[in-house]
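Here's the structure we're looking at; comments come further down.
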Amino acid sequence: MLLASALAACQSSGPPVRVGSAQAECASTTAPPLGALPPNAPAWCSLLAAGADTAMRTTNAWSDGFLSGAVHAQLSSSYVVYENARRVASGANTSLYRTQHFAHNGHWMVDIAGSGAPMGIYEGSAADFFTGPNNGGGLMRPNEPFRFEDGRLVIEFETSAGMTAYGDRVWPEIVVTTAAGPSVRETNGWYAAGLFGGSAAIGCAFPSDRLSECRVYDADKITANLNAHASGGAAMAFGGAPMTDALQHAWRLCGPTDPDAACRDHFKVVLERDAVTIFVNGLRYMEHRGLPVASQLPADLLSSPVYVYFASWAYLVQPTVARVHWGSIAINPTPAIMR
């Protein structure tokens, strides 16, 4: 009952809501969120309109271009949204205190606010790394589960991951897990995928340094790290960083004065029992194939219904509001629902 109450408190959908306040971060002289341009203010500084449903479904597949023309609106009830997911669900002592999902002008975004590092916690300290007091964010997922087909799950999405304003503080993340919602028990508070203790999961993060990384979780811990420097024992490991000219230009960067659309790239993640592959704008960017049993995706993921989360995550050690930009999404896309 306590878990159900906690999850209900951090879900949002339905009619228009007022999320504004008179706090300092809504003042006209306040800088816009990281990743946004003037005169943008945080999403909670004005009314959110009702969401428009643009999701397309077929059996075990989902696609949404968010092209409703909605302006500063909630996401539709086709999505389950977990605001401030880490603090609300697990009760984590994190300095991130607010998130807000919203749709606007053909894409959707998430604003994240942090108050700065707690007293006695400094950047890079052991407590900072292991308990993540400066980490948190929000989650969104389609309101139905999916299954691996012929041993594969495919997730496509657009996001502006290469915004240099983020530094190493803000990133989009994809999580696939058997859990229908965050757990009260964390396995790792640093990443969104750590919110699902007790359930099998895999999480892939896309930071602005373009060092993509995926982590495989059993019910209790990370069992494999997959990136440019860790292979998980894979028989074949490729990429994960802009180490060649082709990979350098696959995943774009944009500066603090560029609009988010200047670096909104198309990502595709293909998950298999013993392989994880990431494509960026159609180019293979990272692949780990032939993973040994200890590093493979847990059997539960391949044999059970799974939920696909789009996470907007941050590590904020100074008082900051950041904005994560997303575009179209697709899960197990088929010709009938492809853009």
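Remarks
- Per residue accessible area of the stretch 153-222, 1.4 Å probe, in Å²: 24
- Relative contact order %, the chain, counting alpha carbon pairs below 8 Å whose residues are six or more apart: 24
- MRE, 222 nm, helices only [DSSP H, n ≥ 4, -39500 (n - 2.57), over the chain, to nearest 500]: -2000 deg cm²/dmol
- Segment N60..D220, full-extension length gain: 54.8 nm, with 0.36 nm per residue of separation and the alpha-carbon distance subtracted.
- The stretch 183-339, accessible surface, carbon-and-sulfur percent (1.4 angstrom probe): 55
- Global geometry of the stretch 53-114, whether rounded, prolate or oblate, following the gyration tensor of its Cα atoms and the 1.5 cut on a/c: oblate
- For L297, L253, the ranking by accessible surface with the largest value first comes to L253, L297, using a 1.4 Å probe.
- Whole-number accessible area per residue in Å² for the stretch 239-339, which is evaluated in the context of all protein chains at 1.4 Å: 38
- Of all beta bridges that DSSP places with both ends in the chain, some 95 percent have antiparallel geometry.
- Computed from point charges on the beta carbon alone (+1 for Lys and Arg, -1 for Asp and Glu), the dipole magnitude for the stretch 186-282 about its Cα centre is near 100 Debye.
- In the context of the full protein assembly, E144 retains an accessible surface of approximately 50 Å², using a probe radius of 1.4 Å and ignoring ligands and nucleic acids.
- Each peptide in 304-314, 232-242 receives the mean, over its residues, of other Cβ atoms within 10 Å, and ordering these scores from highest gives 304-314, 232-242.
- Projected onto planes of every orientation and averaged, the convex hull of the alpha-carbon atoms in the chain covers 16.5 nm².
- Remark: the Cα gyration tensor places the stretch 181-339 in the rounded category, a/c being less than 1.5.
- Remark: relative contact order (the stretch 115-264) = 21 percent; criterion is Cα-Cα distance under 8 angstrom and separation of 6 or more residues.
- Descending by average beta-carbon neighbour count within 10 Å, the peptides 264-277, 89-102, 117-130 line up as 89-102, 264-277, 117-130, the highest first.
- Taking a Cβ cut-off of under 11 Å around S160, the surrounding Lys, Arg, Asp and Glu residues balance to a net charge of -1, with basic ones at +1 and acidic ones at -1.
The values are calculated or read from the model by the stated rules, or taken from the named source; none is laboratory data. These numbers come from a predicted model, not from an experiment. Using ideal geometry, Cβ is built from the backbone for each residue, glycine included, and neighbour counts are taken over all protein chains shown. The area values use the complete protein model at the heavy-atom level, side chains included, leaving out ligands, DNA and RNA. Shrake-Rupley method; radii C 1.70, N 1.55, O 1.52, S 1.80 Å.
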